[in-house]
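Heads up, the thing below is written out as structure tokens.
The values are calculated or read from the model by the stated rules, or taken from the named source; none is laboratory data. As the structure is a prediction and not an experimental result, all values here were calculated from the model. Methodologically, a virtual Cβ is constructed for each residue, glycine included, from the backbone with ideal geometry; neighbour enumeration extends over all protein chains shown. All accessible areas refer to the heavy atoms of the entire protein, side chains included, with ligands and DNA or RNA removed. Shrake-Rupley method; radii C 1.70, N 1.55, O 1.52, S 1.80 Å.
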Amino acid sequence: MSDQQAAQVPPHAPAEAPSEAPGTEGPSKSELKKRAKALEKEKKAAEKAARQAELAAQKAAAEANDFAAAFYGPLPLHQSQSRPRKPRSTFESLPSKVGETVLVRARVQTSRVKGGTAFFLLRQRTETVQGFLAAAPEKVSKQMVKWTGTVATESIVLVEGTVSAVESPIKTASLSNIEIVISQIHLVSGVEGIQVGDKKVLPFNMDDANRSAKDLEAADSEYKTINIDTRLDNRVLDLRTYTNQAIFKLQAAIGDLFREHLKSQNFLEIHSPKLQGAATESGASVFEVSYFKGKAYLAQSPQLAKQMCIAADFERVYEIGPVFRAEKAFTHRHLTEFIGLDLEMTIEEHYHEVVELLDSMFLAIFRGLREQYKKDIDIVREQFPADEFIWREGPEGTLKMSFKEAVDLLVEDGVPRSDLDDIGFVFHSPTFSVKNSFSFSTSTENEKRLGRIVRKKYETDYFIIDKFPMELRPFYTMPDPDDPTVSNSYDFFMRGEEILSGAQRIHDPAFLAEKMLDERDIWTAFRLGCPPHGGGGIGLERVLMLFLKLNNIRRATLFARDPKRLEP
């Protein structure tokens, strides 16, 4: 193009649209509309992004100017950056600290934010207290109050505040006459929950999990019942309930009281192996495991180890440890793994020395629970109402009867004697089982019936049955000196269910050899000389279940193991 031609073109003239190729048409009206809509959409998106950026900037500015920013929010993941050694308070101590500033760690059981205020029900084990937060100049900002509304139920928080008395009792809190006026609140650990649809939620509501059986069974109840399998599947959450916190405090107490009483009677605690080269109880099912190039068995009881310790002159021994039973029993009282409370002692003159010591031990446990743990028992009663466990405390002492007398009581109550001949009454214990033609339910039904008869006639839930038939007992049980069909053995009962099985053991190696075909290390021990001795085995969970009348041993077991459950 010449300079003259270029000069004739206006400097800002729009470029000419390309001419349509011969035989083609321009964009259709529909296409033009689509293009216009796309442009409009892009414009709106840009405007929205601009508004969001502006709001984010405003929020950042507000947060930068939040005078309470240091008083709330998540704590760092690595919290061991410093150690200021600020004292923490327990909820139990709060009633004595009215007017004081305290620092507490707790779970958020419930929360409610409204306007510039927030209310929390904070929980520590079995105690709850209300937390109150209100916006206040230079102390609590609106941003702080708003943030607390994002803290999920069951989160762990660190709260600082002043303990204050309240005018009216707070019915939802166990510490009903006080509250914590919060000045600082930080998140220690949040809650993710489990995926349900497009949301993450808790497996169940903690308020539902804490409801009493009475409330759930009411005719007009609209509350949700959480079945035991759901609880066991989500055991960590379930264990946080007030009831379970109390149950396992009581379980620990039984172990402590058992240990304390036996220590006072000069018993020595032992720890026997749980891997065995052979089954330790005749007739009981056993778990077999691989052991290098051979086989081993999980201990069905520490029975033989206890007896070897007696032969080793330990005189009196006890053990608290796991017991394994490969019994395919689907009942309210059987587990494949439980905690055994076992003891063995030398006998000076008569095996009733053992019976009397065991009796004194149980009485010490019952009294200790009643006198030292009434509050925890009452907490359990709220969810599982039951008659108070009773025992005889007068000069007549604990009720004792022979196996024959127990059978006679059942016959008098209408049970056909043919159903109770010898092995028809009781055949399964927490520490030993004998195979026969009777079912678990038959035995349990007669035991419970006897328990009801005894409570009504003798006003006790606790009693002892002595002199069981020999065919019911293990091979190492000493027979009665006057009647070889009867044994020097005994069972202890609570609410009509067996909680201990024990006996005088055969200590003579020649007599013992007549009872068994194989030889084991214990026979060698007995050949070296062993004093007369006896003892018993107790199921910890069963004692707890029956004392509290929980009706299912899984409720008294931390993580239950039965033929269908290995998790969690």
Net charge, GLU567 excluded, C-beta distance under 11 Å - Lys, Arg +1, Asp, Glu -1 = +3
Share antiparallel - DSSP beta bridges, the chain, percent rounded to 5 | 85 percent
What percent do you get for the relative contact order of the chain when only Cα pairs under 8 Å and 6+ apart count?
-> 11 percent
Could you list the residues of region 331-354 with an amide nitrogen less than 13 Å from a label point located 7 Å from the Cα of LYS564 in the Cα-to-C-beta direction?
-> 331-332
Relative contact order (%) - region 109-234, alpha-carbon pairs under 8 angstrom, separation at least six | 19 percent
Sticking with the crude label model, points 7 Å out along Cα→Cβ, report the distance from THR117 to GLU40 in nm, one decimal please.
-> 4.9 nm
Rounded to the nearest 10 Å², the accessible area of THR524 using a 1.4 Å probe with every protein chain kept is 80 Å²
In region 85-118, which trypsin sites (Lys or Arg not before Pro) are in a loop and have at most 13 other Cβ atoms within 10 Å, using DSSP for the loop call?
-> ARG85, ARG88
Structure shown: which of LYS37/LYS199; LYS86/LYS375; LYS306/LYS515; LYS114/LYS171; LYS249/LYS374 lie over 23 Å apart, alpha-carbon to alpha-carbon?
-> LYS37/LYS199; LYS86/LYS375
Contour minus end-to-end for ASP313 and ALA69, with contour as 0.36 nm per residue of separation and end-to-end as the Cα-Cα distance?
-> 81.0 nm
Using alpha-carbon positions, what is the distance between the centroids of region 243-279 and region 143-176, in Å?
-> 39 Å
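How high is the relative contact order of region 247-339? Use alpha-carbon pairs under 8 Å, at least six apart in sequence, and give a whole percent.
Averaging sequence separation for qualifying contacts and normalising by length gives 28 percent for region 247-339.
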Looking at region 479-568, which chymotrypsin sites (Phe, Trp or Tyr not before Pro) are DSSP coil and have at most 15 other C-beta atoms within 10 Å of their C-beta?
-> PHE559
Could you tell me the accessible area of ASP413 in Å² (1.4 Å probe, neighbours in place), rounded to the nearest ten?
-> 70 Å²
LYS44: which lysines have alpha carbons under 29 Å from its alpha carbon, excluding same-chain residues fewer than 8 sequence positions away?
-> LYS29, LYS33, LYS34, LYS59
Identify all lysines with a Cα-Cα distance to LYS293 below 21 Å; exclude those on the same chain that are fewer than 8 residues away in sequence.
-> LYS274
Accessible area (Å², 1.4 Å probe, nearest 10) - HIS350 = 90 Å²
So the FRET efficiency between PHE287 and ASP229, C-beta based with R0 = 41 Å and rounded to 0.05, is 0.95
So, with points 7 Å from each Cα along the Cβ direction, the GLU393-LEU32 label distance in nm works out to 10.1 nm
Net charge near GLY116 (other residues with Cβ under 15 Å of its Cβ; Lys, Arg +1; Asp, Glu -1) is +3
If each part is reduced to its alpha-carbon centroid, region 454-501 and region 533-567 end up apart, in Å, by 20 Å
Label-point separation in nm, LEU55 to LYS249, each point 7 Å along Cα→Cβ = 4.7 nm
Would you mind getting me the FRET efficiency between GLU222 and LYS448? Use the beta-carbon distance for r and R0 = 35 Å, nearest 0.05.
-> 0.55
At most 12 other Cβ within 10 Å, DSSP loop - GluC sites (Glu not before Pro), region 321-423 = GLU348, GLU349, GLU388, GLU393, GLU396
Using r as the Cβ-Cβ distance of LYS457 and ARG367, and R0 as 25 Å, what FRET efficiency do you calculate, to the nearest 0.05?
-> 0.60
